[in-house]
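Each remark here refers to the structure printed beneath this line.
The values are calculated or read from the model by the stated rules, or taken from the named source; none is laboratory data. Given the structure is predicted, the values throughout are model-derived calculations rather than measurements. For neighbour counting, all protein chains shown are included, and Cβ atoms are generated from backbone atoms with ideal geometry for every residue, glycine included.
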Amino acid sequence: MQNTNQGLLDSLNKWTEGVEKKLQKNPERKQNFVNTSGIPVNRLYTPVDAADTDYMSEIGLPGEYPFTRGVQPTMYRARHWTMRMYAGFATAEESNKRYKFLLDQGQTGLSVAFDLPTQIGYDSDSEMAIGEVGKVGVAIDSLKDMETLFDGIPLDKVSTSMTINAPAAVLLAMYIAVAEKQGVSPEKLTGTIQNDILKEYSSRGTYIFPPKPSMRIITDIFSYCAKSVPLWNTISISGYHIREAGSTAVQEVAFTLANGIAYVEAARQSGLDVDTFGPRLSFFFNAHLDFFEEIAKFRAARRLWARIMKERFGAKNPRSQMVRFHTQTAGCTLTAQQPKNNIVRVAFQALSAVLGGTQSLHTNSMDEALCLPSEEAVQIALRTQQLIANETGVADTVDPLAGSYYIEALTNQIYERAQEYIRKIDEIGGAVSAIEKGYVQREIQDSAYKYQREIEQGKRVVVGLNKFQVKEEKPTNLLRVDPKVRVDQIERLRKVRSERNDEKVKKGLAALKQGAEGTDNLMPLILEAVKTYATLGEICDVLRGVFGEYQQVSTLGS
Amino acid sequence: MDKKIRVLAAKPGLDGHDRGVKVVTSALMDAGMEVIYTGLRQTPAQIVEAAIQEDVDVIAMSILSGAHDYLFPKVMELLREKGVDDVLVIGGGIIPDEDIPALKQAGIKEVFGPGTSTEDIVKYIKENVKR
């Protein structure tokens, strides 16, 4: 081995000398090749670059620690990833129709988008909700809307992912209540709530309460579900939005896992054993443009989290050590210019997610830089996944790019750089402190600004935007939400309020208030409250009264 | 020496997408303007109040949630109520072209969509600021 390497090194040196001599006459396209994380990309990778990598301890076998090659032994040979398109708009009834359309098209899981008032805990008739009802997702005010949303969809047959954070406990409670009405017991429910408040403070913005009570609600959910909804993924620790806010790939891994560490610590402090909730932690990453960087990112995240769980937290259950993750292609890379090009961008990004071993995938629609996706655009996006799964052959062997000198070297580099960031965040006092001090936000916004400068200076090519432009007609007939939606939704809300038993509602909300002031698990109290048709806004108002509201820290300004 | 152009960068409504507004804020600051960024979740009334208190020359609003059709004109209405007519108001975000005429009708001077170069925004503000 030593000799081979020496032979390789000698040849490599000679080869490099030869190549560099010719560079004066035939220079390369750029002086420096660097990926989005600032990692230099070499001209060539050889066994020399992976020489320090110990195969069994760093890479290992699929389904085995440290899970670099994937969390299942057979990966997509057993079954393809779950094709899960994020959808939901206007009313529960319209969204219900879209879900049935997607299930008919061969989609295998649901993913619910809620409108902003729902995500921030306001009813549709709140003054804060004007202009936003039903716009970016479905409006849910009470259990009634949730019953309509899943009407005719058997909740023991589908898995449902809900992008809901600050009021995640309330929406999960409503889901459990709908299932009960369908005769489905909570032990059979499969799905995910996003429930990741820390990235809301740093990147996505739909927070309600301050960090401390938010972390309590989250650990209450962990503990409740471990007993009562055992198959439910209680959190989806999300790098997606951190990346969309402008981070690099390394920052995406680092800040996501740092948030993960904060959740594990909070749960342990509340007395939970790491292996009771650890297996239900799931993750959500972005699939961005730099193809190999993204594949290496997914692999590095798996290895890093496995080691954190095992070595830092002493997790023994292999499932606690696994990064099981959903991926969405990068919305921020879509262009409003020549939108059909987005189909191709999405296909490359989706391919990187599959080669990176994702468990489920949302592919963006080509028109998302313009408006809500049309049915046709969604279908092409779903077909893109079906093509990758069924026609390209990439799903037929596990982690096919392992052993590529470049991929393994890059996986190591992303791992090391992300670990370095986590060390820094630990020094600041953990993810919550780092966010409260604005450190994470500043790091992200600096990367975002740098990226934008590179585009404007022409250092980064965006096809159709700063190169290969054409004169084009502005698209028309975009999908939009009828303003009447708000009026109708408020009417439905009034009806619910007039038909319910107000005494029961009051009692339920009073019990919740008392629970929030004490230390009881809030989940059973919220479940009782939603069953009385107390509204999301009423429940969140009770909690706002006890917990207060989060005030954003300023990280910009002159 | 010229007085620095003062800008209020604002996020009306519940939308949490602030990458764009932060990038534009940084670019305007680099171009020598004084920028006050409101942070997320500002009501139209809060934006107008901040604009008056900070005595800004420009209000630059960003929305990606689709609520521009209500929130942008509402800000203009409140500005008029307060007798403010010398502030340049511009908007940005995911705003369909077909919505732009109505927004301009309401008094939004220019709307910048995805892919806009920050240099174009800087240039536009310098050429169109009213005072």
Requested in this report: Starting from residues that are in a helix (DSSP H, G or I) and without any contact (Cβ under 8 Å) to a residue 40 or more places away in the chain, keep the ones in segment A:522-540 and report whichever is surrounded by the fewest Cβ atoms within 10 Å (Cβ to Cβ).
Outcome: A:E528
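Which of the residues spanning segment A:372-388 are small (G, A, S) and within 21 Å of the chain's Cα centre (by Cα)?
Keep residues of segment A:372-388 that are small (G, A, S), which gives A:374, A:377, A:381.
Hit for segment A:372-388 is A:A381, nothing else.
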Report summary line: Per the list (1) in contact (Cβ under 8 Å) with a residue 12 or more places away in the chain; (2) under 30 Å from A:Y550 (Cα atoms), residue check on B:E49 breaks on (1)
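Okay, residues lined up against (1) small (G, A, S); (2) in contact (Cβ under 8 Å) with a residue 24 or more places away in the chain; (3) assigned to a loop (DSSP other than H, G, I, E, B):
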| position | (1), (2), (3) |
| --- | --- |
| A:K144 | no, yes, no |
| A:D156 | no, yes, yes |
| A:T160 | no, yes, no |
| A:A166 | yes, yes, yes |
| A:L172 | no, yes, no |
| A:V178 | no, yes, no |
| A:E187 | no, yes, no |
| A:S203 | yes, yes, no |
| A:P213 | no, yes, no |
Query - Residues (more than 10 Å from chain B (Cβ to nearest Cβ) and under 30 Å from A:G537 (Cα atoms)) located in segment A:465-494 - result: A:D482, A:K484, A:V485, A:V487, A:D488, A:Q489, A:I490, A:E491, A:R492, A:L493, A:R494
Report summary line: In segment A:284-333, residues that are surrounded by 24 or more Cβ atoms within 10 Å (Cβ to Cβ) and without any contact (Cβ under 8 Å) to a residue 40 or more places away in the chain total 0
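Filter segment A:430-454 down to the residues that are closer than 17 Å to A:M215 by Cα and touching a residue at least 60 places away in the same chain (Cβ under 8 Å), then identify the one that is farthest from the other protein chains (Cβ to nearest Cβ). Walk me through how you get there before you give the answer.
Keep residues of segment A:430-454 that are closer than 17 Å to A:M215 by Cα, which gives A:430-436.
If we keep only those that are touching a residue at least 60 places away in the same chain (Cβ under 8 Å) as well, we get A:430-432, A:434-436.
Details: A:G430: 23, A:A431: 18, A:V432: 19, A:A434: 18, A:I435: 14, A:E436: 15 Å.
So the residue we want is A:G430.
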Query raised in the report: From the list A:A434, A:A402, A:A395, A:A418, which residue is at pLDDT 95 or above and in contact with a Phe, Trp or Tyr (Cβ under 7 Å, 6 or more places away or on another chain)?
Result: A:A395
Requested in this report: Please verify whether segment A:503-522 includes one or more residues that are of a type in the set (K, R) and either in contact with a Phe, Trp or Tyr (Cβ under 6 Å, 6 or more places away or on another chain) or within 30 Å of A:R345 (Cα to Cα) (or both).
Outcome: no
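From the residues in segment A:455-464 that are more than 27 Å from the chain's Cα centre (by Cα) and over 14 Å from A:N341 (Cα atoms), which one is farthest from the other protein chains (Cβ to nearest Cβ)? Write out each step before concluding.
The initial filter retains those residues of segment A:455-464 that are more than 27 Å from the chain's Cα centre (by Cα), namely A:456-459, A:464.
The next check asks that each one be over 14 Å from A:N341 (Cα atoms); those that pass are A:456-459.
On the way: A:E456: 5, A:Q457: 10, A:G458: 11, A:K459: 14 Å.
Looking at residues that are more than 27 Å from the chain's Cα centre (by Cα) and over 14 Å from A:N341 (Cα atoms), I get A:K459.
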Requested in this report: Inspect segment B:79-88 for any residue being buried (at least 20 other Cβ atoms within 10 Å of the Cβ), in contact (Cβ under 8 Å) with a residue 60 or more places away in the chain and either more than 12 Å from every other protein chain (Cβ to nearest Cβ) or not in a helix (DSSP H, G or I) (or both) and give the result as yes or no.
Outcome: no
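Can you work out which of the residues in segment B:101-129 that are assigned to a strand (DSSP E or B) and within 14 Å of chain A (Cβ to nearest Cβ) is nearest to A:Q337 (Cα to Cα)? First the steps, then the outcome.
Going residue by residue through segment B:101-129, those that are assigned to a strand (DSSP E or B) are B:110-112.
Subset that is within 14 Å of chain A (Cβ to nearest Cβ): B:111-112.
Working: B:V111: 16, B:F112: 13 Å.
Checking each candidate, the answer is B:F112.
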